[in-house]
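Reading through the structure tokens given below for one structure.
The values are calculated or read from the model by the stated rules, or taken from the named source; none is laboratory data. The model shown is predicted, which means the values in this text are computed figures rather than measured ones. Because the Cβ atoms are built from the backbone with ideal geometry, glycine has one as well, and the counts that use them run over all protein chains shown. Remember, those area values only see protein heavy atoms, side chains included, never the ligands or the DNA or RNA. Shrake-Rupley method; radii C 1.70, N 1.55, O 1.52, S 1.80 Å.
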Amino acid sequence: MWEIDSAEALQALASRLSAFVSERDAVTLTGDLGAGKTTFAQGLLAALGVTEAATSPTYQIVHAYETPRRTVYHCDLYRLHPGDEEEIGFAEMCQTAAVVVEWPDIVAGLLPNDRLDVRIEGEGTTRRVTLTGFGAWERKLARFRQIEAFLARCGWDGARCLGLRGDASARQFLRLSRAGETAMLMDWPTQSDGPPIRNGRPYCAIAHLAREGTPFIAVSDWLRERAGLSAPAVTASDRDAGLYLVEDLGDAVFGDLIAAGEPLEPLYELAVDGLSAIRASGMPRALPVSGGGFYDVPAFDREAIDVELDLLLQWYFRLEPVAADPAEMARSFVAAWTPHLDWLDTQPKSVALRDYHSPNLLLCRERDGLKRLGVIDFQDAVWTHAAYDLVSLLQDARLDVPEAVERSLYARYCEAAAAADPAFDAAAFARAYAILGAERNTKILGIFARLSMRDGKHGYLAHLPRICRYLWRNLAHPALGDLKAWYEAHLPKA
């Protein structure tokens, strides 16, 4: 039970619950007239992305809202008579959208199994709020209670949630606000490792995907304190629970800025200079961890590369079948890649952040110098060739980087590297860039096909032509002629 002393606190509680509302969930609101049901609904709807001022649908009965993530129906059934629920299409609403229902008793038999009941009682300014979860909401409510306890320990109890952001991993971020201050809650619960795919090991272990927050903390500290960039400082954590309170770097994401019309090249120049600063900082493989000890960055070894490359065979060619014997195609694929990966093994290594591209780079306008560059999503960092992050940036999977811009920014990086290190081998770097670019874009073709076929996220297919263009840029390198021949045989440019 939550003791609430104001309408603002009631809306703040609702906003924090918003992170758990799925596309077809129901939130039922019960309580006497004037208890605060509509006030609660307003806080919930605002956090779900409803930008207009939500009002009580007492006379209209239903208000429909479209948000970037979902459709939400707000229903006030106080005036509804038995049987009228068919006329308003309540059952269909529950099958296609999230619903927030005041006075739900009349449709009790139509409510989804996965729902949250919110009972509001009390009078004056004091309210008692009781939350009861059904179906999937039992587990969600248990997690919510964990988060509430964590926020209370951090001094952030009662904060309002201003919205949430997820990435392609198990993490999600809630932006919290209190007294004019903001912070991000990184909710990163422990996940199952998934089924074994090779030698009894799951994909995440083979590909070295982080399962908890230690690498995030270690890499973030180095980027801020040694490389001079902006990365989210972790101000409080409960690693066992998978909860972290981190610095809020804002919303000026490179991809969004460019989509809104901001020129790409100045932003990417800043990002290239950030990579030069990381290189100059001498970022070690054994990174110090706050509180003592070190985090050893895993090697981007052959097993990890092999399992990434295999995504093309396992998923992309299921999306775009080719007339070839699968076993022979796989054998020749490995044979074509082996000499290039053998050569890459002989080259110098450094830490690569791995996902250094437009969705994970922010412009911190109020800061100076390289601190204007905000970097997030680096917990999967690996020990590999320095060209990896540069190709991730200059062959951005989410937006077009013109080839002339890529060449210009590539030259900018290499000039800085040569000025800092007279032993910098420009020819070897170019070869590594092409190999890693071909590897990364091959992997992404497989991942985006998998996201569509397995997870129903078909929007990723729109990026495939761009990824193919990048791939052919890399295969044009003179040292990759035999590898290019394999792709020409199995992945025609058309």
For segment 33-116, what is the convex hull (Cα atoms) projected area averaged across all directions, in square nanometres? 5.5
Where does helix 37-48 land angle-wise versus the long Cα axis of the chain, in degrees 0 to 90, nearest 10? 10
Taking the Cβ of Val405 as the center, what net charge do the other residues with Cβ under 13 Å away carry, scoring Lys and Arg +1 and Asp and Glu -1? -3
Relative contact order of the chain, pairs being alpha-carbon contacts under 8 Å that are 6 or more residues apart, as %: 12
Translational D in µm²/s for segment 355-469 (Stokes-Einstein at 20 °C, 1.002 mPa s, Kirkwood Rh from C-alpha pairs): 136
Using 1/(1 + (r/R0)^6) with R0 = 25 angstrom and r between the beta carbons of Ala430 and Asp345, what's the FRET efficiency to the nearest 0.05? 0.90
Normalised by the number of residues in segment 112-196, what is the relative contact order in percent for Cα pairs under 8 Å and 6+ residues apart? 15
Solvent exposure of segment 130-246 as accessible area per residue, Å², 1.4 Å probe: 44
Could you please state how large a percent of the accessible area of the chain is carbon and sulfur, counting protein chains only and using a 1.4 Å probe? 51
In whole Hz, the Karplus estimates of ³J(HN,Hα) for segment 19-34 (6.51, -1.76, 1.60; θ = phi - 60°; x where Gly or Pro) are 4, 9, 7, 8, 5, 10, 7, 10, 10, 9, 10, 10, x, 5, 4, x
Per residue, how much space in cubic angstrom lies within the convex hull of the C-alpha atoms of segment 1-52? 95
Amide H neighbours of Cys364 under 5 Å, at least 5 residues apart or on other chains, H built in the peptide plane: list them. Leu373, Gly374
May I ask you to evaluate 6.51 cos²θ - 1.76 cosθ + 1.60, the Karplus curve with θ = phi - 60°, for each residue of segment 231-243 and list the ³J(HN,Hα) values in order in whole Hz, giving x for glycine and proline? 9, x, 6, 8, 8, 7, 7, 10, 5, 5, 7, x, 10
Phi to ³J(HN,Hα) by Karplus 6.51 cos²θ - 1.76 cosθ + 1.60 over segment 258-264, Hz, x for Gly, Pro: 5, 4, 7, x, 6, x, 5
Packing rank of 423-429, 319-325, where each peptide gets the mean count of other beta carbons within 10 Å, highest leading: 423-429, 319-325
Computed for the chain: size of charge dipole around the Cα centre, +1 on C-beta of each Lys and Arg, -1 on C-beta of each Asp and Glu, debye to nearest 20, value 800
Over 30 Å between C-alpha atoms is what I'm after, so list which of Lys140/Lys443; Lys349/Lys457; Lys37/Lys140 land there. Lys140/Lys443; Lys349/Lys457
Can you bin every Cα-Cα distance in the chain into 10 Å intervals starting at zero and give me the percent of pairs per bin, rounded to whole numbers? 4, 17, 25, 23, 17, 10, 4, 1, 0
The farthest towards the positive end of the charge dipole of segment 182-282, of the residues Gly261, Leu249, Trp222, given +1 on Cβ of Lys and Arg and -1 on Cβ of Asp and Glu, is Trp222
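Which order, highest average first, do 472-481, 345-354, 38-47, 362-371 follow once you tally other Cβ atoms within 10 Å for each residue and take the mean per peptide?
Peptide ranking by packing, descending: 38-47, 345-354, 472-481, 362-371.
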Roughly how tilted is helix 326-345, in degrees to the nearest 10 and between 0 and 90, from the longest Cα axis of the chain? 70
Given charges at Cβ of Lys, Arg, Asp, Glu: segment 1-65 dipole, positive-most of Leu45, Gln60, Met1: Gln60
Can you show me the helix-derived [θ] at 222 nm for the chain, built from DSSP H runs with n ≥ 4 at -39,500 (n - 2.57) apiece and divided by the number of residues, rounded to the nearest 500. -12500 deg cm²/dmol
